[in-house]
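S.K.: One structure, pasted below without further comment.
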Amino acid sequence: DVDVAIKTAKSLSSFNTPSIHRKLDDDAQTKALIDDLLREARLFANLKHPNIIQLYGVSPSMLNRNVFLVMEYAH
């Protein structure tokens, strides 16, 4: 029973670089991006202060290659 805001943080496809081995590069870049994002999200999720919007979770979507942040809704 909590209002949340869902924000598109970044499109994973924007991190692609042209390469002969593009598929391997895409997979490695996507994994590295998600790992970095989850590490940072863990840090922000632990911040508890009335002046900081609470981060509840992160959801990468492979279907449309976006990363979504689930955050406290600021009325």
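The values are calculated or read from the model by the stated rules, or taken from the named source; none is laboratory data. The shown structure was predicted, so the numbers you read here are calculated from the model rather than taken from an experiment. Because the Cβ atoms are built from the backbone with ideal geometry, glycine has one as well, and the counts that use them run over all protein chains shown. Heads up: the accessible areas ignore ligands, DNA and RNA and are worked out on the full protein's heavy atoms, side chains in. Shrake-Rupley method; radii C 1.70, N 1.55, O 1.52, S 1.80 Å.
S.K.: So, taking all protein chains as they sit and a 1.4 Å probe, how much accessible area belongs to ARG42, in Å² rounded to tens?
M.R.: 150
S.K.: Taking H as built 1.01 Å from N, whose amide H comes closer than 5 Å to the amide H of PHE68, not counting residues under 5 places away?
M.R.: ALA9, SER59, SER61
S.K.: Also, quick follow-up: Near the amide H of GLN54, under 5 Å away, which other amide H atoms are found, from residues 5 or more places off or on another chain, if H is placed in the peptide plane?
M.R.: Here GLU72 satisfy the definition.
S.K.: Take ILE6, project a point 7 Å from its Cα along the Cβ direction, then tell me which residues of the stretch 51-70 have their backbone nitrogen under 12 Å from it.
M.R.: 58-61, 67-70
S.K.: From the backbone phi of the stretch 29-41, what are the Karplus-calculated ³J(HN,Hα) couplings (6.51 cos²θ - 1.76 cosθ + 1.60, θ = phi - 60°) in whole Hz, Gly and Pro given as x?
M.R.: After applying 6.51 cos²θ - 1.76 cosθ + 1.60, I find 5, 4, 5, 5, 5, 5, 4, 5, 5, 5, 5, 5, 5 Hz.
S.K.: How much length would be gained if the chain were fully extended between ASN66 and GLN29, taking 0.36 nm per residue of separation minus their Cα-Cα distance, in nm to one decimal?
M.R.: 12.0 nm
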